[in-house]
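To start, the structure under review is shown below, and the notes come after it.
Please treat every number below as a calculation from the coordinates, not as lab data. Keep in mind that what you see is a predicted model, and the values were worked out from it rather than measured. As a convention, Cβ positions derive from the backbone with ideal geometry for all residues, glycine included, and neighbour counts pool all protein chains shown.
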Amino acid sequence: MESLKPLINVSHTGLPLFNDWKWNSSGASLYAPYLVTAALFLLLVYSQRESYPDLPRLNPKKFTELTWSGRLLDYAMRSQELLAQGTQQFPDRPYKLFTDLGDVVIVPNKYAEELKSSRTLDFNGAARDAFHGYIPGLSPLHTEMRMRYVIQNYMTKSLTSLTGMISLEASKALSDIFPNTKEWTEVTPDRIMHVIGRMSSRIFMGDELCNDNEWIQESAKYIHLAGHGVFELSRWPWALRRWVHWFLPTFAEIRRQLKRCRAVLQPHIVRRVAIKKAAAARGEPNPYNDSIEWFTRELSPDADMTDVQINLTILAVHTTTDLLIQTMMDIAKHPEILGPLREETIHVLQTDGLKKSGLRKLRLMDACFKESQRLRPIFLPYFRRQALADITLKDGFVIKKGTKIAMDGRTVLLNENDYPDPLKWDPYRYIRMREAGEENKSFLVSSSEKHIGFGHGIHSCPGRFFGAHELKIAFSHILLKYDWKLPEDIKNLPNMTAGSHYLMPPGTRFLVARRQEELDVEALEC
C-alpha cells in the first residue's frame, strides 16, 4: 500500500519541527485508531468530572455505568418522584441531580429572592446548552439575545393596536377548524394549536404567511423532529455531543427539514423586500408591522429569519396552546364555573368591548388560567440558570462559574401556607387574594416568589403579556361560541411528565358543540 501524503506540503512551511516529516501506513496511520480512542476516552473522563464533590447526589451512577445515560432515562421516567425525594431529603441545602438539562445543582427556593435580580446568572446560556442550540440543525432552538428586547419594546407595546387583528384571526380560525354543528364533535389538541398558531402568526408573520399551510406544516414537522433530536443527544456524554450528532440519522433528517423550512420562507422574505422598496419609491410608509419587520430592524443583517420564526413559534404557540388546553380540561371537570365565566365575559365585553382595557377586567377568566398553570406548569424545575462567575450567597454557599442551577417548582406552587388545599383547582383563591390586598401577585402575568408559572426575576418570561392577551381573546370566542366536555375515558387521567416537562396525557381530546353566542364578538370595538 502506498504511503499517504499530508493534506498540505509541510516540508515547505519553514517549521523545523515538520521538516522531513512523513505520514505512512506503517507509522502514524497505524496508531490513529488508538489515538482517536484515547482522545475520546479523555473527553469522556473530562465530561464525568464532579464539580461539587462535597454535595450529595440524588441519582448517582451505578457501578456498572460508564456514562450518565442510565440516570438520564431514570430521570425522564421518574422526575416528579426524584424531585419530591430531593426536597424531602435536602429541604434546606443544595444537592446534585442529573437531568435532561444536564448535571444540575438543585438549590432551595429560599435563595430565589437573593438571586432573582442577579445578572451573573444566565438564562440563555443554560437554555442553549439544554436544547443544544449550538448544534447544526438545532439553531432555531437558540433564543436570540435581542428576543427579549423585541418582545418588550415592540410586541407588548403594540397590544392595543394588534387586538383587532388577533380577534379577527381567532374568529376565522375557529370557523375553519372547530365544528359548526350542535352535535358533539371530537376536537384534538393539534386543532387547538392550529387556532393559536394562526392567531400568533398573524402578528409574527403578517396576513399572507399566517395562512400559508406549507409553512405551518413544515415548521411543525421541524419542531417535532427537533424535540426528538434534543432528547436523543441528551443521552450522550456532554463532551461528545458536538461530534456525535453527525453520525445520528435523526440529525440528518432535522437538517433536511430545516432546509425545507428555509426554502418555504425565503420567497416571502424576498417579496417583502420588493414591496417595501416599491412603497418607499412612492413615498409611502412601510406597510409591515409584524415580528419579521421588528427583528429585521433589531438583529444583524445575517440573522436567519427562519430560525427566529421557529423559535418564536416554540416560545409562544406551544406554551400558549398548552395553557389553553389545560384550562379547558380543568373547566370541563368543573362545569359549574361556566355560568359565572360567561356572565363576566358578556358583561365586560358589552361594557368595554374587546379592547386591552376590557380584557384586563376579565378577572375570573384570568384566575382560571393562573390556577391551571399553578397545578400544571410547563416545567417541573424552574429558575434554570448558568453561573457566569462565582457567586457567594449570604449563607456562604458558592455557586461556581459554569454551574447550572434550578429550583423545584412544586415546592412553591403546592405550598400549603400560600395555597390551602393545594391540590384543589380553585380559581376563586386569586379573587380572594385581590380582596386581601395582594392584587399585584394575583394576576396571570404577575411573577412572584409564590407563583413561578412564568419564571421569576429578571429572566421571567417577557412574552407573558402577549400570551395572556392572546389567551383571553381566544377563550372569549370559544367560551361564547362553543360548549365542550371531556370524554369519559380521560376525565381522571393524572398529570404526566417526561423529564423536566409536563405533558398532555395520551388521548387528550374534547367533545365540542356549537352554541348560540349571546353577543356578536366580531362586531365588538377593539
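Brief remarks on what is shown
- Rounded to the nearest 20 debye, dipole of the stretch 306-423 from Cβ charges on Lys, Arg, Asp, Glu: 480
- Think of the chain as having a plus end and a minus end, set by charges on the Cβ of Lys, Arg, Asp and Glu; of Leu159, Tyr288, Leu138, Leu138 sits farthest toward the positive end of this dipole.
- Amide H contacts for Phe379 (H built 1.01 Å from N in the peptide plane; partners 5 or more residues away or on another chain; cut-off under 5 Å): Tyr502.
- For the cross-link pairs Lys356/Lys491; Lys116/Lys157; Lys157/Lys221, the ones whose C-alpha atoms lie over 28 Å apart are Lys356/Lys491; Lys157/Lys221.
- Between the stretch 220-241 and the stretch 183-201, the alpha-carbon center distance in angstrom: 27
- Here the chain is treated with +1 on each Lys and Arg Cβ and -1 on each Asp and Glu Cβ, and its dipole about the Cα centre works out to around 960 debye.
- Protection-proxy order for peptides 63-75, 318-330, each taking the mean of Cβ atoms within 10 Å per residue, highest first: 318-330, 63-75
- In order through the stretch 147-164: 3J(HN,Hα) via Karplus (6.51 cos²θ - 1.76 cosθ + 1.60), integer Hz, x for Gly, Pro: 4, 4, 4, 5, 4, 6, 9, 10, 5, 5, 6, 9, 4, 4, 6, 8, 4, x
- For the stretch 216-357: rounded, prolate or oblate by the Cα gyration tensor [a/c cutoff 1.5]: oblate
- Theoretical ellipticity at 222 nm over the chain - DSSP helices of four or more residues, -39500 (n - 2.57) apiece, nearest 500: -15500 deg cm²/dmol
- Karplus (6.51, -1.76, 1.60) ³J(HN,Hα), θ = phi - 60°, over the stretch 362-379, in Hz, Gly and Pro reported as x: 7, 6, 5, 4, 4, 5, 5, 4, 5, 5, 5, 5, 5, 7, 8, x, 7, 10
- Table column - 3J(HN,Hα) (Hz), the stretch 475-488, Karplus curve with 6.51, -1.76, 1.60, x for Gly and Pro: 6, 4, 5, 5, 4, 7, 9, 9, 9, 8, 8, 9, x, 4
- Modelled spin-label separation between Arg262 and His501, with each label point placed 7 Å from Cα along the Cα-to-Cβ direction: 2.4 nm.
- All alpha carbon pair distances within the chain were sorted into 20 Å bins beginning at 0; the resulting P(r) in whole percents reads 19, 50, 25, 6, 1.
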